[in-house]
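Colleague: The structure is given below, and queries will be raised subsequently.
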């Protein structure tokens, strides 16, 4: 099937198998390996990307279901060499260790802050509960999201 969508602001067209998962299309066909494959059952969130601005788990979405959509991966989040405030928060607040969950956590956090620009700690934890991290204990991730929320508020 012919697939036409926008990935990280760039038009993208490809001929894909109807059963190809979006995560495999992004990694294998588009060469965007920042989107990680974890559980392939939507439980871990390592594959989270933004589909038309909303976080989705790309391991449970067929590539053809994204026809015409605008996809943002971790590679497309920074602008003109400047980190997105969430990326900066993860850097400044040590919100990562091994880094495997980090792209998905960051994109889920971007979606959370789009819907709730001033989340409480409990709201951050609830908003990220579909993304698992086996290294950090989550406190630094929560601090990173708070950092980003504050930075985005002062930039607005």
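The values are calculated or read from the model by the stated rules, or taken from the named source; none is laboratory data. This is a predicted model, so every value here is computed, not measured. Quick reminder, even Gly has a Cβ in these numbers, built from the backbone with ideal geometry, and neighbours come from all protein chains shown.
Colleague: Quick one: which strands (runs of 3 or more DSSP E) lie wholly within the range 1-97 and hold at least 2 residues that are farther than 19 Å from residue 114 by Cα? Outline the logic, then answer.
Modeller: Numbers: elements: 2-7, 10-15, 48-51, 54-57, 70-72.
Of the strands (runs of 3 or more DSSP E) lying wholly inside the range 1-97, those with at least 2 residues that are farther than 19 Å from residue 114 by Cα span 2-7, 10-15.
Colleague: Please count how many residues of the range 116-135 are surrounded by 19 or more Cβ atoms within 10 Å (Cβ to Cβ) and not in a helix (DSSP H, G or I). Even if it seems obvious, please write down each step before you answer.
Modeller: Of all residues in the range 116-135, those surrounded by 19 or more Cβ atoms within 10 Å (Cβ to Cβ) come to 119, 124, 127-128, 131, 133.
Okay, now just the ones that are also not in a helix (DSSP H, G or I), so 119, 128, 131, 133.
Selection size over the range 116-135: 4.
Colleague: On the given criteria, is residue 107 outside the structural domain of residue 31 (by TED's automatic domain parsing), touching a residue at least 12 places away in the same chain (Cβ under 8 Å), over 25 Å from residue 25 (Cβ atoms) and crowded, with 18+ Cβ neighbours inside 10 Å?
Modeller: Working: outside the structural domain of residue 31 (by TED's automatic domain parsing): yes; touching a residue at least 12 places away in the same chain (Cβ under 8 Å): yes; over 25 Å from residue 25 (Cβ atoms): no; crowded, with 18+ Cβ neighbours inside 10 Å: yes.
So residue 107 does not fit the description; no.
Colleague: To continue, here is another question. Since residue 98 meets every condition but one in (1) over 22 Å from residue 11 (Cα atoms); (2) without any contact (Cβ under 8 Å) to a residue 40 or more places away in the chain; (3) buried (at least 22 other Cβ atoms within 10 Å of the Cβ), which condition does it not meet?
Modeller: (3)
Colleague: Output the number of residues of the range 46-61 satisfying the condition of being in contact (Cβ under 8 Å) with a residue 40 or more places away in the chain and either buried (at least 19 other Cβ atoms within 10 Å of the Cβ) or not assigned by TED's automatic domain parsing to the domain that holds residue 24 (or both).
Modeller: From the range 46-61, those in contact (Cβ under 8 Å) with a residue 40 or more places away in the chain are 46-50, 53-55, 57, 61; that's our starting set.
Now drop any that are not either buried (at least 19 other Cβ atoms within 10 Å of the Cβ) or not assigned by TED's automatic domain parsing to the domain that holds residue 24 (or both), which leaves 46-50, 55, 57, 61.
Residues that pass the stated criteria total 8.
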